[in-house]
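No lab work stands behind these numbers, since they all come straight from the coordinates. From a predicted model like this one, the values you see are computed outputs, not experimental measurements. Glycine gets a Cβ as well: all are built from the backbone with ideal geometry, and neighbour counts include every protein chain shown.
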Amino acid sequence: MKIILLGYGKMGHEVEKIALQRGHEILATIDNDVEWDAFKNSEAQKLRSSEDVVAIEFSTPATAFDNIKRCFDMNIPVVCGTTAWYQHFNEIKERCEKESQALFYAPNFSIGMNIMFMLNQQLAKITEKYDYKLSLTETHHIHKLDKPSGTAVKLANDIVDNNKNYNSWECTDNNEQCISDGVLPIEAIREGEYFGIHEVKAESSCDIISLRHEAFSREGFATGAVIAAEFLIGKKGLYTMNDLLNC
């Protein structure tokens, strides 16, 4: 593949490393408007219509939406790992479907985390009728911009969708009150340099069930994103990790 990296921070550098290890080429790195303009005027952009070109997007919530739109304007498929832009999702979905574009999006590209997503859905379903109180805690490094994380939001939404005891979630420390109101509590911690810890607890008067995932580095996220890009080549439409893991 020829990869355009949108966002060349720590995740962008990790994606670059994994992509090169897997035999791919970095066509361009774009981190701001100036670099977008430079790309549009470069020889590299002439290759954008090639079937083996894909953009991998790990920028910021403020820039991800525009990055995806710019790629669609140039008919470049996108793998997007940035979160907290989903308020614009319907617009992107409409463009994707009407214009036969391609987007692979996920709140978390770690294979292990996506296994936890599946287990979390089952935990929510099974505990519904056995008087378990559920809660969610996530911990990330102090530089992370969104709170709660997109991964935590995915876990929380899956609990609400699969357990009738909960009708919404809230980022709060007042867990007991939220549980009694049918609101799933999320505790979001920002400290140190943690790459990501997510834990779902189901507690009854008899026991506690805990699902916990901890990322040791960015490598798992980057590897998943590159694999997603390999999967997306030649496809049109919207795809998620479920499509990749179940193919």
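Place +1 on the Cβ of every Lys and Arg and -1 on the Cβ of every Asp and Glu in the chain, take the dipole about the Cα centre, and give the residue among TYR105, LEU232, ALA55 whose Cα lies farthest towards its positive end. Most positive-ward Cα: LEU232.
Computed from the Kirkwood radius of its Cα pairs, the Stokes-Einstein diffusion coefficient for region 124-247 at 4 °C and 1.567 mPa s stands at 81 µm²/s. Derived scalar couplings between HN and Hα for region 6-13 equal 9, x, 10, x, 4, 5, x, 5 Hz in order, rounded to whole Hz, by the Karplus curve 6.51 cos²θ - 1.76 cosθ + 1.60 (θ = phi - 60°), x for Gly and Pro.
Derived scalar couplings between HN and Hα for region 59-71 equal 10, 9, x, 6, 10, 4, 4, 5, 4, 5, 4, 5, 5 Hz in order, rounded to whole Hz, by the Karplus curve 6.51 cos²θ - 1.76 cosθ + 1.60 (θ = phi - 60°), x for Gly and Pro. Counting only Cβ charges, +1 for Lys and Arg and -1 for Asp and Glu, the dipole size of the chain around its Cα centre is about 540 debye. May I ask for the percentage of alpha-carbon pairs in region 36-107 that lie more than 13 Å from each other? I get 65 percent for the Cα pairs in region 36-107 exceeding 13 Å.
Note down the relative contact order for the chain as a percent, whole number, built from C-alpha pairs under 8 angstrom at least six residues apart.
Contact order relative to length: 22 percent.
Between 0 and 90 degrees, the angle of helix 111-127 with respect to the longest Cα principal axis of the chain falls at about 30 degrees. Treating only the Cα positions of region 1-63 as identical point scatterers, give the base-10 log of I(q)/I(0) from the Debye formula at each q in 0.15, 0.20, 0.22 Å⁻¹. Debye curve over Cα of region 1-63, log10 I(q)/I(0) at q = 0.15, 0.20, 0.22 Å⁻¹: -0.43, -0.76, -0.90. Each residue in THR172, THR139 was given a count of other beta-carbon atoms within 10 angstrom of its own, and listing them fewest first yields THR172, THR139. Look at HIS143, HIS13, HIS198, HIS24 and count the other Cβ atoms within 10 Å of each Cβ; fewest to most, that gives HIS143, HIS13, HIS24, HIS198. Here, the chain is characterised by an Rg to Rh ratio of 1.01, where Rg is the alpha-carbon radius of gyration and Rh the Kirkwood radius.
Ranking ILE92, ASN75, THR151 by how far each Cα lies toward the positive end of the dipole of the chain (charges on Cβ) leaves ASN75 at the top. Once the Cα atoms are used to define both axes, helix 150-162 deviates from the longest principal axis of the chain by about 50 degrees.
The angle separating the long axis of helix 89-99 from the principal Cα axis of greatest extent in the chain is about 40 degrees. How about LYS236: which lysines have a C-alpha closer than 26 Å to its C-alpha, ignoring those fewer than 8 places off in the same chain? Once the sequence-local lysines are set aside, what remains near LYS236 is LYS2, LYS40, LYS46, LYS69, LYS93, LYS98, LYS154. Altogether, the Stokes-Einstein calculation at 25 °C and 0.890 mPa s, with the Kirkwood radius of region 8-134 over Cα pairs as Rh, returns a diffusion coefficient of 147 µm²/s.
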